[in-house]
Amino acid sequence: MATKTDLTCPMQTLDFVSLAWVIPVLLCRASYDFGKRFFKSHPMGLLHWRQKLATSFLYATRVTLNQRMKYAANTRKTTGEQVSEYCVARGIAHDKVVVSMPTSSSFPPPNLHLVSCPDAVADGPTVLFVHGGGYLYPMVGECHIPLALHMGRSSKAKQVAYLEYTLTSSLQYPGQLAQIAQAVAQLLKQGVRSSDLIIAGDSAGGHLVAGLLAHMQQPCPLVEPIDLKGQQIRAVVLLSPWVDMTLTDTYGAANEAYDVLSQGQLRDCGRLLGTTSRPGSLWLEPLRAKEGKAVLLQALAGAGDGAQPIAGKVLITAGEREVLFESCVDFAEGFTGARTVVMDAKGRRTIRDVVEEEACVFAIGPGEVHVQSGIDVATGYDEGATMVALSAFLEAL
């Protein structure tokens, strides 16, 4: 069982020396795995070559580097630094806002990075984007920033607000829940209407958004409630949401042979987040909480009692070859009432119709891995299965 020290320990001298042979091993593994994925019998054989190349490299990185190397590589720059550098390099207008926390709160304030969308529409919606990384790492700039901007373009948004929440090296849950709740409250106070708000998150970011929805329906005692004044949020997007902290299913274990994540990594991050001290908490582990199903069905589907759901439309995506696949299926079908569609890379018209028209949709990407749409946007590929679903969903809002 990994401890906080194990997960956040800096590289040692031997680690730097070992890179001389670790990097060649990594490249050999990536090349071998890349070649295997061209066989049609391979579970990822039908993916585009760019998808195969990127996922092969990320898989090889996962199985070759030790945790100290991974932590060093992923924490070189903060989320805020990456957003700022990205925008300055491309001449995109951006601003940093420190979110005000209630005086009674002991949690530190997060930052919101407001970025104007290219071809921004003056009266368009605002996309609040929450990055993944197991709550241990900041955003991956080359992935998360263009992914959220793609969401902004597809939805004709005015701006994207990137949430820079405190990582678990400094803060345990529900501190991050309090931070996103106040970020939403501040956006609403500053004139963003609920009906103009799209909240999106990938992986751990998807977990935080799911916790926020549960909090909106049944407030967490440690977090300020949010009053939507009877209005709906325009849409919610959950990309490969990390909603199961224990991850004991055999299907997910088998997918470790393909995915960019392992179940062990996620379990370690979950313990650092606080799962051992608060098991089964509604806002932390909705799949394990006794009231989780009822609360989330009410929040996302209205539960058939006439009450409107919190979000007008919901999209959940997952890759068929990711370790979180079964938990995403359980969550989407059992806790949200979503209609399931299996996408193909060309987004057949009949499937796109379902994504565009249904209030709550769960889109599965055959052969795809964890947050495949984020990997795709980083490589300039926009025809992947879950990417097509994401674009179709947002364009129809």
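The values are calculated or read from the model by the stated rules, or taken from the named source; none is laboratory data. This structure is a prediction, so every number in the text was calculated from the model and none was measured. Methodologically, a virtual Cβ is constructed for each residue, glycine included, from the backbone with ideal geometry; neighbour enumeration extends over all protein chains shown.
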*Identify the residue in the stretch 318-338 that is part of a loop (DSSP other than H, G, I, E, B) and not small (Gly, Ala, Ser) and, among all such residues, is surrounded by the fewest Cβ atoms within 10 Å (Cβ to Cβ).*
Glu320
*Of the residues in the stretch 306-322, how many are at pLDDT below 95 and closer than 23 Å to Met44 by Cα?*
0
*Any residue in the stretch 281-292 that's more than 10 Å from Ala210 (Cα to Cα): show its pairings with residues that are surrounded by fewer than 18 Cβ atoms within 10 Å (Cβ to Cβ) and modelled with pLDDT under 85 at Cβ separation under 8 Å, as long as the two are six or more apart or on different chains.*
Arg288/Thr246; Arg288/Pro279; Arg288/Gly280; Ala289/Gly280; Lys290/Gly280
*Are there any pairs, at least 6 apart or on different chains, whose C-beta atoms fall under 6 Å, with the first in the stretch 305-326 and over 26 Å from Arg234 (Cβ atoms) and the second small (Gly, Ala, Ser) and assigned to a strand (DSSP E or B), and if so, which?*
Phe325/Ala318
_Residue tally, condition in contact with a Pro (Cβ under 6 Å, 6 or more places away or on another chain), part of a helix (DSSP H, G or I) and without any contact (Cβ under 8 Å) to a residue 40 or more places away in the chain, over the stretch 66-107_ = 0
*asked:* Against the condition touching a strand residue (DSSP E or B) at 6+ places or on another chain (Cβ under 9 Å), crowded, with 24+ Cβ neighbours inside 10 Å, in contact (Cβ under 8 Å) with a residue 24 or more places away in the chain and among the acidic types (Asp, Glu), how does Asp196 come out, does it pass?
replied: no
*When you scan the stretch 160-185, how many residues do you find that are over 17 Å from the mean Cα position of the chain (by Cα) and surrounded by fewer than 20 Cβ atoms within 10 Å (Cβ to Cβ)?*
5
